[in-house]
Structures are given as C-alpha cells and as structure tokens.
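Here's the structure, in structure tokens; my notes come after.
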Amino acid sequence: MNQLQKFFSPATIAVIGASATKGKVGNDVLLNVKAVGNATVYPLNPKDDFIEDLKAYRSVLDIPKVPDLAIVVVPAVLVPKVAEECGQKGCRNLVVISAGFKESGKEGEKLEEELKMVAKKYGLSILGPNCLGYIATNQSINASFAATYPRVGNVAFLSQSGALGTAILDMADAQEFGLSYFVSLGNKAGISELELLDYFAEDKKTKVILMYLESISNGLEFIEKAKKITKKKPIIVLKSGKTSEGSKAVSSHTGSLAGMSASYSAAFKQAGIIEAEDLMDFFELAKAFSYQGLPKGEKVAIVTNAGGPGILLTDWLSEYNLKLAQLSDKTQVALAKAMPAAANTHNPVDVLGDALADRYQTALELVVKDKNVDSIIVALTPQKMTQIKETAEIIGKIGRRSDKPIILCFMGEERIVDNHSIFSKYSLPQLNYPLSAVRALAAMRRQNLWQQQKAFKSNRFKIVKSAVAKKILAGSNLTEELCRKILAENNFPLHSAVAVKNLAEAIKVAKKIGYPLAVKVISEQVVHKSDVGGVKVGVADEKQLTAAITEIEANIKSKVPKAKIDGYLVGEMVSGLQVILGMKRDPQFGPLIMVGLGGIYTEIFKDITFRIAPFGIDEANKMIEELKIYPMIKGVRGQKPLDQKALADLLVKFADFSLAYPEIAEIDFNPVMVLERGKGVKIVDVRMMK
C-alpha cells in the first residue's frame with residue numbers, strides 16, 4: 001500500500017526513452033508528464049542533450065536524484081536492462097509502456113519473465129508492460145500517452161485495454177465527467193487488479209471503482225477482496241472474453257450450460273459486483289454511482305413532459321424489480337392545484353409538452369417531499385419552448401437539498417449535448433434512454449440491498465470421504481451405482497433404488513420395492529439415458545418389467561453399440577417437480593453450482609441460475625427464487641407449495657460436497673424431485689465425471 005502511494009504521487013519522474021520527435025510515444029509521454037503537476041522531470045535518451053527544454057540524461061544511473069517513478073518507453077529487448085538499472089539506482093516504481101512482450105509470442109514471453117525476475121530481485125512495482133500508463137487527477141500526474149487528461153472526479157477506472165481506456169477518457173471529456181484515476185493494466189507482469197483494488201478501497205477520494213477486464217489474475221482472491229470492498233464502495237465491471245470458442249464437447253447437462261460467462265457472472269453476483277451489460281451501460285453506471293447516492297427503497301417516481309417516455313419508463317421498472325411509487329393523496333391534491341387541468345397528477349407525473357422550467361420545479365419539489373418516493377427519474381423531450389438548461393439547473397438545485405437519487409432522462413441529442421456542463425456541475429447523471437435510466441437505478445438499488453446484507457454464516461455440512469469413496473474415485477469406472485454409494489455415505493436424499501445385473505435379479509427386487517417402479521440402464525458409456533431409450537417409468541407389473549428391460553437392452557445395442565451394459569437400476573416411482581442440480585469445476589473460481597428446471601427440458605428452456613461454492617442458505621434461496629419455475633415451488637392456482645427448504649438445504653450440501661471432492665469435474669443430479677412442503681426432495685438420477 002505504501003509503495004503504491006508513492007507510485008501514484010511521485011515528486012520526481014524519469015522518462016526513459018523520451019524523444020524530441022513529435023508524434024513518437026516517447027515525446028507524447030514527456031509532454032503529458034510536463035503538462036500537469038509540479039513533479040521534477042528527467043528525460044532520458046542517449047542521443048540528445050536537451051528534450052523539450054529539459055536536460056536529458058543517458059542513463060537513470062546518471063540522474064542527480066533517485067526518481068520516485070520511471071516511465072519506460074524503449075524497445076522491449078532493452079527493458080530488462082533498464083529495469084535492472086532502475087533497481088540499482090533505488091527507483092522502485094516503473095510504468096513500462098513498451099510493447100513486444102508475452103502478447104507478441106514466445107520471445108516476448110521470455111523477455112517478460114526476465115523483467116519479472118528483475119522486479120523480484122529489487123522489489124519493483126511495475127505497471128505493464130504493454131500499457132498506456134496511468135493518470136492520477138488528484139495528484140496532478142499524467143504518466144501516460146493518452147490524448148485526454150480528465151477532470152478531477154471520484155471514479156477510479158482500471159482498464160486492461162489501453163485503447164478502450166482512451167475511448168472512455170474521450171467520452172468522459174465530452175460529458176465533463178471526472179475521474180480520480182485512470183490505470184492501464186497492460187500485461188500485468190507486476191501490478192494487477194488485486195493490488196489496485198486494495199489501494200482504491202482505501203483511497204478517500206475514490207467513491208466508485210470501474211474495471212474493464214479481459215482476465216482475472218486470481219479468481220478466488222479477487223472475489224474475496226471484492227466482497228469486502230463492495231460493502232463500502234461499488235465495483236462496476238465490464239468483462240470481455242467470457243465465451244470459449246472451439247471448446248471441447250461436453251457430456252453433462254451442467255457442462256453444456258455452465259460456460260465461462262456463467263462462472264464470471266455468478267462470481268460477480270456473489271461478490272456484490274455490478275456487471276455492466278455493454279460499453280454504454282458501463283459508462284452510464286459509472287455516472288449514476290458517481291453522481292448520486294443509493295436509493296433506500298424500490299419505489300420510483302417519474303416526472304415527464306411527455307406520455308411516451310413515462311410509459312416506457314413504467315414498463316421497464318417492473319422488468320428490473322422496481323416499483324412505481326404510489327403518490328400520497330396530499331401530493332396528488334397539491335399537484336392538481338399547481339398543474340394545468342390536462343396534466344396527469346398520478347405517477348408518472350406528466351407536466352405536459354409545453355412545460356417550462358418552473359412547472360418542472362413545482363412538480364419535482366412536491367414529488368421529492370413525498371415519503372412514498374425513494375428515487376426519481378426526470379424525463380424530458382425537447383419541444384421548441386422547452387427550457388433544457390433552466391430545467392436542469394432547477395433539478396440540480398432541488399437535488400442538492402434531497403438525499404433521494406435523481407436520474408435524468410433527457411431524450412434527444414442536438415439540443416441536449418450542450419448542457420453537459422450543467423449536468424456535471426450539479427452531479428446529475430444524464431442517461432439518454434428510458435432503459436438506461438431504469439437499468440442504472442436498479443443497479444443502485446441492488447447495491448443498497450447488498451450493503452445491508454449480512455455475510456452468510458455457513459452451517460457447513462460434514463462431508464465424509466471414506467476409503468470406499470476414494471477407491472471408487474481411483475478407478476476408471478464411475479457408474480451411477482458407484483456414485484450413489486458415495487452419496488449414500490453422506491446421507492444425500494436418494495430415491496430408493498437397487499442395482500441389479502439381470503432380469504432375474506430385477507424381478508426379485510421389484511417384489512420388495514413394489515410396483516409401479518422405474519428402470520434405467522447402468523452404463524458409463526451412456527450419458528443421457530432418456531435420449532437413447534435407457535429409461536422406463538411406470539412399470540406396473542412383472543410382465544411390463546420384462547418388456548422394459550428387453551426394450552432398454554435393444555435400444556442401447558442399437559443407439560450406443562459400443563456401450564457396455566453393467567446392469568439396471570430398479571427403483572421406486574417418485575412424483576414431484578423435476579429440477580436439476582449441477583456442478584462444473586471452473587479453473588478460476590472452483591465449483592460452479594447450478595440449479596434449474598430439470599428432466600429432459602433442461603437444455604431446451606434453460607431456466608437455470610449459478611453460484612460459486614461455498615454459499616449459505618440465504619444464497620441458495622435466492623437461486624431458487626430467481627428461477628421462472630419458482631411460482632410452482634411457492635404454490636400457484638391452488639397447488640400446494642413444495643419443499644423449498646429441503647431444496648435449499650440440498651443446494652448448500654451439494655456445494656460443500658463439491659468442494660470436498662476436487663477429483664470430480666462435473667456432477668448432474670437430474671432430476672431431483674421436489675415434493676410437497678415438509679416431504680423433502682429425492683435425487684432420482686446421478687452422474688459424475690472425473
């Protein structure tokens with residue numbers, strides 16, 4: 001932390017590879033460093049005596065003082081030597097802008113490893129290589145070759161893409177939106193998002209952390225840090241590279257549904273991270289969180305000068321779990337007295353198309369005072385008489401007197417764009433489209449709920465890992481029968497079933513279990529049994545049992561000719577709502593747990609949700625409540641409610657089991673039958689893959 005404080009607040013800066021040639025990176029960096037702040041600047045270039053009116057030096061070893069920061073802009077092959085000289089000089093902080101490292105191939109990768117070794121030897125903090133540099137506005141430092149120097153603000157922006165970073169800088173400049181920091185991460189040979197998260201969490205002038213990431217250095221560590229930080233400061237992430245083109249074919253339902261995107265989204269959700277949907281959403285969320293406080297409830301008032309935007313906003317509110325506020329009778333009476341007869345004094349409040357700034361003022365002052373209102377969206381469409389600047393000024397002044405967040409949705413472009421100085425002056429997030437306004441407000445509400453939520457207390461299930469289980473997992477054959485043995489040792493709620501080798505054994509077992517029953521093939525080569533006719537249900541008697549096994553055997557021989565039939569599982573018939581529980585071991589985050597609609601429709605409807613193990617009962621219940629089938633679990637149209645508690649318990653236990661068995665790569669419980677409330681759940685089918 002102390003070293004990063006010096007990294008971002010250098011009093012002396014060496015620009016190694018500074019150039020006198022206009023248009024070269026070495027010149028742009030030097031000019032940027034000179035342009036702001038009062039740091040002493042030393043340009044380094046063996047060919048020049050003076051560069052941009054500053055005395056130039058041949059080596060960092062020749063500089064009269066030890067620089068607090070060195071910005072390196074030399075060819076990649078020279079960087080390790082330069083870093084060595086910096087270490088010898090006593091300079092501990094480097095920004096390596098130079099490209100040509102691991103992003104360029106094997107030779108570059110060797111150079112990057114060499115640079116890391118030098119950094120380790122001298123304890124260097126290195127940003128980059130292959131980065132744009134950084135900007136610290138509160139310290140008046142521009143250690144980059146960015147074309148734009150942003151205004152002072154409270155958003156720290158980290159970007160793994162320098163080019164995308166410059167695009168955001170340009171957007172921020174156009175809308176007069178300020179940043180506290182801009183940091184281009186580059187290849188992350190030294191400083192990564194992990195160190196920067198720690199730093200910005202403690203930085204008093206940073207309110208919001210904004211991150212564009214292509215990779216995460218250590219998934220579990222990142223999530224653990226983020227969980228703590230997001231309780232105090234929002235973290236907004238735009239993550240690219242979440243799909244895996246050309247990935248190998250997967251055999252389980254969970255494997256086919258649980259891609260990289262699901263892993264990251266689940267991890268972000270559990271850490272309280274706000275995940276942006278796209279670049280526009282990314283920037284607009286930054287403005288909303290930077291400028292306004294968090295809403296204390298979900299009730300939203302809309303003030304508009306046109307019916308269309310009001311209707312659109314109302315539609316989107318319900319889509320994003322927000323509610324249209326019910327204005328008090330007192331507010332509605334006051335509005336009726338103050339507004340023209342044609343105005344709508346219910347929510348949305350329509351002040352009509354000819355409204356000037358004073359009518360907006362009257363309506364907004366009444367709505368803000370209403371105790372039933374938690375936040376406000378003010379929509380405006382530009383008619384000829386519309387006073388855009390004056391209306392923004394009035395909204396800004398009212399906003400300063402209220403702790404309720406106000407989002408602007410001034411629709412249009414040509415007449416709106418000239419007013420960004422007013423929006424910035426009064427910290428008003430201006431979002432051009434109704435969906436954008438609602439999406440931002442919904443994210444702010446979720447953040448408020450997250451900050452109130454207590455950390456889960458894990459009632460960890462004791463997971464047994466016996467010698468029998470270890471022996472089973474050491475073998476090559478992992479049939480359903482063997483999977484059930486491992487689960488039985490841990491008291492999972494398995495439906496009653498017995499493995500048999502042939503028809504004769506099946507008949508004996510059936511007499512004990514009783515009809516009707518279900519029969520399915522046992523074969524490691526048969527993945528989805530139903531797809532190949534490997535399951536028969538509702539078997540009513542011995543005659544049907546004989547026919548069922550005969551038909552299953554014929555189906556397998558026909559459709560999976562190379563499969564070895566190890567036997568059959570004969571079990572009780574269980575009725576209930578079919579759900580799936582699944583696990584896929586993610587290389588970054590560990591076990592990714594899935595729950596959703598089960599049976600043969602899992603991959604058709606994809607009514608599923610994910611979390612990273614471990615988690616508690618509260619999180620398990622949230623997963624269940626996110627599903628479209630949740631009303632069926634809760635009980636609808638006279639149907640009895642199902643056992644949500646038992647399903648939630650099973651989810652938590654399943655997550656703990658997945659952590660205890662790292663040898664298992666994927667698991668499917670499909671289906672799990674959810675019975676009536678109080679009657680539990682039954683795991684009907686199990687598949688595990690190493």
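Restricting attention to the stretch 79-103, the residues being assigned to a helix (DSSP H, G or I) and touching a residue at least 12 places away in the same chain (Cβ under 8 Å) number 12. Residues of the stretch 618-625 include at least one that is part of a helix (DSSP H, G or I), within 22 Å of I664 (Cα to Cα) and in contact with a helix residue (DSSP H, G or I) (Cβ under 7 Å, 6 or more places away or on another chain). In summary, strands (runs of 3 or more DSSP E) completely within the stretch 136-210 and bearing 3 or more residues that are under 19 Å from the mean Cα position of the chain (by Cα) occur at 152-159.
One residue alone among A379, A363, A336 is in a helix (DSSP H, G or I) and in contact with a strand residue (DSSP E or B) (Cβ under 8 Å, 6 or more places away or on another chain), and that residue is A363. The residue that is surrounded by the fewest Cβ atoms within 10 Å (Cβ to Cβ), counting only those in the stretch 412-429 that are within 17 Å of P309 (Cβ to Cβ) and out of contact with any strand residue (DSSP E or B) (no Cβ under 7 Å at 6 or more places or on another chain), is E413.
One line per residue, one yes/no per condition, for (1) more than 30 Å from Y661 (Cβ to Cβ); (2) among the small types (G, A, S); (3) touching a Ser or Thr at 6+ places or on another chain (Cβ under 8 Å); (4) assigned to a strand (DSSP E or B):
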position	(1), (2), (3), (4)
V526	no, no, no, no
I549	yes, no, no, no
M583	no, no, yes, yes
I593	no, no, yes, yes
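Could you go through the stretch 241-259 and let me know if any residue there is of a type in the set (K, R), in a loop (DSSP other than H, G, I, E, B) and at pLDDT below 90. For the stretch 241-259, residues of a type in the set (K, R), in a loop (DSSP other than H, G, I, E, B) and at pLDDT below 90: present. Only one entry of G571, G567 meets the criterion of being touching a residue at least 60 places away in the same chain (Cβ under 8 Å), in contact with a His (Cβ under 9 Å, 6 or more places away or on another chain) and not acidic (D, E), and that entry is G571.
The rows are residues; the columns are (1) among the basic types (K, R); (2) more than 33 Å from the chain's Cα centre (by Cα); (3) crowded, with 21+ Cβ neighbours inside 10 Å.
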position	(1), (2), (3)
D370	no, yes, yes
I388	no, yes, no
P405	no, no, yes
L431	no, no, yes
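The sole residue among N38, N32, N45 that is farther than 21 Å from L124 by Cβ, in the same structural domain as G100 (by TED's automatic domain parsing) and under 38 Å from the mean Cα position of the chain (by Cα) is N32. Residues in the stretch 300-345 that are buried (at least 22 other Cβ atoms within 10 Å of the Cβ) and of a type in the set (S, T, Y): T304, T331. Checked against (1) part of a helix (DSSP H, G or I); (2) touching a helix residue (DSSP H, G or I) at 6+ places or on another chain (Cβ under 7 Å), K404 meets all criteria but (1). Residue check: R439 meets all listed conditions (1) outside the structural domain of A325 (by TED's automatic domain parsing); (2) in a helix (DSSP H, G or I); (3) not aliphatic (A, V, I, L, M) but one, namely (1).
Just to be sure before I move on: is L675 buried (at least 23 other Cβ atoms within 10 Å of the Cβ) and farther than 29 Å from E524 by Cβ in the structure I sent?
no
Go through the stretch 519-541 and give me each residue that's among the acidic types (D, E) and within 15 Å of P561 (Cα to Cα). Selection gives E524, D531. Name every residue in the stretch 528-543 that is without any contact (Cβ under 8 Å) to a residue 60 or more places away in the chain, surrounded by 18 or more Cβ atoms within 10 Å (Cβ to Cβ) and in a helix (DSSP H, G or I), in order of residue number. Once the filter is applied, which keeps residues that are without any contact (Cβ under 8 Å) to a residue 60 or more places away in the chain, surrounded by 18 or more Cβ atoms within 10 Å (Cβ to Cβ) and in a helix (DSSP H, G or I), the stretch 528-543 yields only V532. Filtered by the rule that a residue be within 16 Å of K404 (Cβ to Cβ) and assigned to a helix (DSSP H, G or I), the stretch 318-332 gives a lone residue, T331. I'm trying to understand the selection: among the residues of the stretch 20-63, which are out of contact with any Asp or Glu (no Cβ under 7 Å at 6 or more places or on another chain) and hydroxyl-bearing (S, T, Y)? If the condition is that a residue be out of contact with any Asp or Glu (no Cβ under 7 Å at 6 or more places or on another chain) and hydroxyl-bearing (S, T, Y), then T21, T40, Y42, Y57 are the ones that fit.
Results for (1) touching a residue at least 60 places away in the same chain (Cβ under 8 Å); (2) among the aromatic types (F, W, Y), shown as yes or no for each residue.
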site: A288; (1), (2): yes, no
site: L294; (1), (2): yes, no
site: W316; (1), (2): yes, yes
site: K384; (1), (2): no, no
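In the stretch 660-678, is there at least one residue being of a type in the set (G, A, S) and within 28 Å of G590 (Cβ to Cβ)? Scanning the stretch 660-678, I find at least one residue that is of a type in the set (G, A, S) and within 28 Å of G590 (Cβ to Cβ), so the answer is yes.
Of the residues K110, K89, K106, which is farther than 20 Å from V183 by Cα, more than 34 Å from the chain's Cα centre (by Cα) and surrounded by fewer than 24 Cβ atoms within 10 Å (Cβ to Cβ)?
Step by step, each of K110, K89, K106 is checked, and only K89 is farther than 20 Å from V183 by Cα, more than 34 Å from the chain's Cα centre (by Cα) and surrounded by fewer than 24 Cβ atoms within 10 Å (Cβ to Cβ).
Considering only residues that are under 15 Å from L494 (Cβ atoms), outside any strand (DSSP E or B) and not aliphatic (A, V, I, L, M), which ones fall in the stretch 629-678? Selection gives D649, K653, F654, F657.
Within the stretch 582-596, not a single residue is free of Cβ contacts under 8 Å to residues at least 60 places away in the same chain, in contact with a helix residue (DSSP H, G or I) (Cβ under 9 Å, 6 or more places away or on another chain), surrounded by fewer than 21 Cβ atoms within 10 Å (Cβ to Cβ) and among the hydrophobic types (A, V, I, L, M, F, W, C). Counting only residues that are assigned to a loop (DSSP other than H, G, I, E, B) and within 16 Å of the chain's Cα centre (by Cα), which one in the stretch 277-315 is farthest from D374 (Cα to Cα)? If we take residues in the stretch 277-315 being assigned to a loop (DSSP other than H, G, I, E, B) and within 16 Å of the chain's Cα centre (by Cα), then D278 is farthest from D374 (Cα to Cα).
The values are calculated or read from the model by the stated rules, or taken from the named source; none is laboratory data. As the structure is a computational prediction, the values presented were derived from the model and not from experiment. Backbone-built Cβ (ideal geometry, glycine too); neighbour counts: all protein chains shown.
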